[in-house]
Amino acid sequence: MQQPSAKGYSLSQRLLHWAVALLIFFNLLFPDGMNIWHRLMRRGEVSTPEQIASANIHAYVGIAILLLAAARLGLRFIKGAPAEVAEEPALFRLAAKLAHAGLYILIFAMPLSGIAAYYFGINAAGSFHADILKIILWALIAAHVAGALVHQFYWKTNVLRRMTLG
């Protein structure tokens with residue numbers, strides 16, 4: 001792994017971060033097509049082509065998240081990450097590491113559990129995906145955003161800039 005940059009993330013790392021973030025928000029905010037399809041399947045009803053297409057959009061976005069997340073993780077191993085901010089107390093550095101690890105786990109677990117449910121009919125994976133993992137993901141996103149804002153406005157560090165302007 002390359003030495004981390006003190007300044008910021010590379011342009012490719014930043015683009016992948018924001019692309020994955022936008023796709024995640026899309027699927028979190030617009031799961032209706034998949035929800036309708038799943039409800040019909042549970043009842044033994046037949047989906048219309050439009051309902052299947054809507055569910056497929058959710059699935060394809062999830063697959064795109066998985067592929068981009070793999071590229072992002074590979075790029076992180078190659079290019080590294082900026083050094084930790086010294087102004088941040090040790091407890092918050094640990095919390096940040098745990099939150100980032102959790103986010104990385106979830107950006108892989110969410111699409112994989114969705115694939116297991118949608119393409120392989122594993123209902124337990126679908127429940128885990130739509131109920132438990134989704135709630136944990138929202139909580140970690142909130143913590144991640146809050147942490148960035150605390151860095152920007154309380155500690156006045158460059159952490160937010162590293163992932164926006166570089």
Original post:
Pro89 fails exactly one of the following numbered conditions: (1) open to solvent by 30 Å² or more (accessible area, probe 1.4 Å); (2) at pLDDT 95 or above. What is the number of that condition?
Top reply: (2)
Subject >> Residue under evaluation Ile78, criteria (1) assigned to a helix (DSSP H, G or I); (2) in contact (Cβ under 8 Å) with a residue 60 or more places away in the chain; (3) open to solvent by less than 80 Å² (accessible area, probe 1.4 Å), criterion not met >> reply: (3)
Subject >> Answer from Ser47, Ser12 - the residue that is open to solvent by 30 Å² or more (accessible area, probe 1.4 Å) and either modelled with pLDDT under 95 or part of a helix (DSSP H, G or I) (or both) >> reply: Ser12
Original post:
Where residues in the stretch 15-36 are open to solvent by less than 40 Å² (accessible area, probe 1.4 Å) and hydrophobic (A, V, I, L, M, F, W, C), which of them is farthest from Ala83 (Cα to Cα)?
Top reply: Met34
**OP:** State whether the residues of the stretch 8-18 include one that is out of contact with any Lys or Arg (no Cβ under 8 Å at 6 or more places or on another chain) and over 23 Å from Arg161 (Cβ atoms).
**Re:** no
Original post:
If you scan the stretch 77-119, which residues turn out to be over 22 Å from Leu11 (Cβ atoms) and of a type in the set (Phe, Trp, Tyr)?
Top reply: Phe92, Phe108, Tyr118, Tyr119
Original post:
Within the stretch 111-166, how many residues are of a type in the set (D, E, K, R) and modelled with pLDDT of 90 or more?
Top reply: 2
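The values are calculated or read from the model by the stated rules, or taken from the named source; none is laboratory data. The structure displayed is predicted, hence computed values, not measured ones. Backbone-built Cβ (ideal geometry, glycine too); neighbour counts: all protein chains shown. Side chains are part of the model used for accessible areas, which takes the heavy atoms of the whole protein and leaves out ligands, DNA and RNA. Shrake-Rupley method; radii C 1.70, N 1.55, O 1.52, S 1.80 Å.
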